[in-house]
1. On a full-extension model of 0.36 nm per residue, what is the gain between I28 and T68, subtracting their alpha-carbon distance, rounded to one decimal in nm?
2. Would you mind classifying region 34-99 by shape? Square roots of the alpha carbon gyration tensor eigenvalues, ordered a ≥ b ≥ c; an a/c under 1.5 is rounded, otherwise it is prolate if a/b is larger than b/c and oblate if not.
3. Nearest 20 debye, what's the magnitude of the dipole of the chain about its Cα centre given +1 on Lys and Arg Cβ and -1 on Asp and Glu Cβ?
4. Putting +1 on Lys and Arg Cβ atoms and -1 on Asp and Glu Cβ atoms, find which of A40, I28, C95 reaches farthest to the positive end of the dipole of the chain.
5. Restricting things to Cα coordinates, could you compute the convex hull volume per residue of region 1-67 in Å³?
6. How much accessible area per residue does the chain have, counting only protein heavy atoms and a probe of 1.4 Å, in square angstrom?
7. State the volume of the convex hull built on the alpha-carbon positions of the chain, expressed per residue in Å³ and rounded to an integer.
8. Search the structure for amide H atoms under 5 Å from the amide H of G104, placed 1.01 Å from N in the peptide plane, and list their residues when 5 or more places away or on another chain.
Amino acid sequence: QVQLVESGGGLVQPGGSLRLSCAASTSIFNLYTMAWYRQAPGKQRESVATITSGGLANYAESVKDRFTISRDNTKKTVYLQMNSLKPEDTAVYYCKIMSSPIWGQGTQVTVSS
């Protein structure tokens, strides 16, 4: 059973930065398209960013030019660098293997002064 473990969340002031990490327990991590999602209180889970096995990235309009998704296949880890954070970015952030139903446990990001 593949496991995904997110880390790096926390409390940050508006305009600040955080980097999330998601470590995967699979030997074929390099073959997967990976994604970050988020779910704010009372809202549906939404896609934030995806990255293919070849490193092609896509972003939701709401985070474009502020967030950067990347991956290190040697560490079997996907990252989400979040800059210029806004209060509306507050949510639980999850990573996911796009071709599977497996989710991580999530990491809380709170943007507040």
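1. Numbers: separation 40, 0.36 × 40 = 14.40 nm, distance 2.27 nm.
Contour length minus the Cα-Cα distance gives 12.1 nm.
2. On the way: a/c = 1.98, a/b = 1.54, b/c = 1.29.
Here region 34-99 falls in the prolate category.
3. Working: 11 positive and 7 negative charges, 26 e Å.
So the magnitude is around 120 debye.
4. Of the candidates, I28 comes out farthest on the positive side.
5. Details: hull volume 7.9 nm³, N = 67.
Roughly 119 Å³ of hull volume per residue.
6. 53 Å²
7. On the way: hull volume 10.2 nm³, N = 113.
In the chain, the Cα convex hull volume per residue is 90 Å³.
8. Hits under the 5 Å cutoff: C95.
The values are calculated or read from the model by the stated rules, or taken from the named source; none is laboratory data. Please read these numbers as outputs of a predicted model, since none were measured by experiment. In this analysis, Cβ positions are derived from the backbone assuming ideal geometry, glycine residues included, and neighbour counts consider all displayed protein chains. For the accessible areas, the whole protein counts, side chains as well, though only heavy atoms, and no ligand, DNA or RNA atoms are used. Shrake-Rupley method; radii C 1.70, N 1.55, O 1.52, S 1.80 Å.
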